[in-house]
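First the structure, in the form of structure tokens, and then the observations on it.
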Amino acid sequence: MELAYILSGGAPFMKRYMAGTTISTAGIPVLGAVDAATDLASIEPASATADVAIGSQVGLAIDTTGTVAATGVTSDADLFVTVIINPDAVYRAKMSGGTAADTVLATTSATAADATGATVTGATTLDNGAVWGYTGNNVGSFRRADDTAGSLSINFVNGILTTDTYIAVHGFPCGVELTSVECYDLTTDLTQVVAQTASVTNNNFAIVDMELRDSSQSGTTNSYVHLISNNHLFGSSSLA
């Protein structure tokens with residue numbers, strides 16, 4: 001992940017915090033001490049799949065620590081990492097097609113034409129997810145997925161052809177569903193989002209915007225989502 005922008009404008013505010021475990025990868029979200037076994041200091045890496053305790057998100061670690069252990073530390077410098085802590089910071093995260101970072105997003109072709117532009121037959125769409133034209137008749141357009149596989153909440157302007165290809169992912173800007181929080185699990189290295197598998201428990205981020213790119217822009221490896229913390233320690237609203 002990387003900083004995209006601050007909603008209130010201005011520069012990011014950064015603090016140096018003591019890490020309770022080694023942080024070997026920059027660009028990962030971190031939590032405050034939430035009384036887990038590894039909470040030896042101020043911050044810890046977030047979980048890839050679990051939701052966070054309310055009010056526990058601290059920000060984005062933008063550098064790495066040295067080797068951190070409960071015993072044997074020989075330098076104070078080994079313990080600290082720089083963190084962007086703005087509650088209204090929006091982070092840009094690449095969409096991955098699997099739990100490993102940089103997995104190519106899957107594309108799908110409609111198995112039946114639809115002149116109404118309302119159904120991508122055969123597509124594995126996700127409830128309240130995004131579907132966009134990758135090649136063919138609806139390049140440059142995206143729609144919200146309905147509850148039914150392949151069904152769209154609003155039709156594409158152009159008809160859907162069997163020669164078209166589409167990308168379908170989980171999540172949609174400003175998506176809110178109280179019975180199934182619309183957000184993402186993270187890749188195992190915590191730097192990207194798992195975009196094509198729905199998450200029903202991870203409430204860590206809300207979706208501000210999406211960069212949905214077509215074949216001319218290598219969208220299967222070059223599409224992004226903009227995220228903001230839902231449960232920030234220093235002031236944003238929290239989900240129950």
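The values are calculated or read from the model by the stated rules, or taken from the named source; none is laboratory data. Computed from a predicted model, the values in this text were never measured in an experiment. With ideal geometry, Cβ positions are generated from the backbone for all residues, glycine too; neighbour counts draw on all protein chains shown.
Checked against the criteria, Ala123 counts as touching a strand residue (DSSP E or B) at 6+ places or on another chain (Cβ under 9 Å), part of a loop (DSSP other than H, G, I, E, B), among the hydrophobic types (A, V, I, L, M, F, W, C) and without any contact (Cβ under 8 Å) to a residue 60 or more places away in the chain.
For segment 126-135, a residue qualifies if it is free of Cβ contacts under 8 Å to residues at least 60 places away in the same chain and surrounded by fewer than 21 Cβ atoms within 10 Å (Cβ to Cβ), and exactly one does: Asn128. For segment 134-187, a residue qualifies if it is modelled with pLDDT of 80 or more and under 18 Å from Tyr91 (Cβ atoms), and the qualifying residues are Val169, His170, Gly171, Phe172, Pro173, Cys174, Tyr184, Asp185, Leu186, Thr187.
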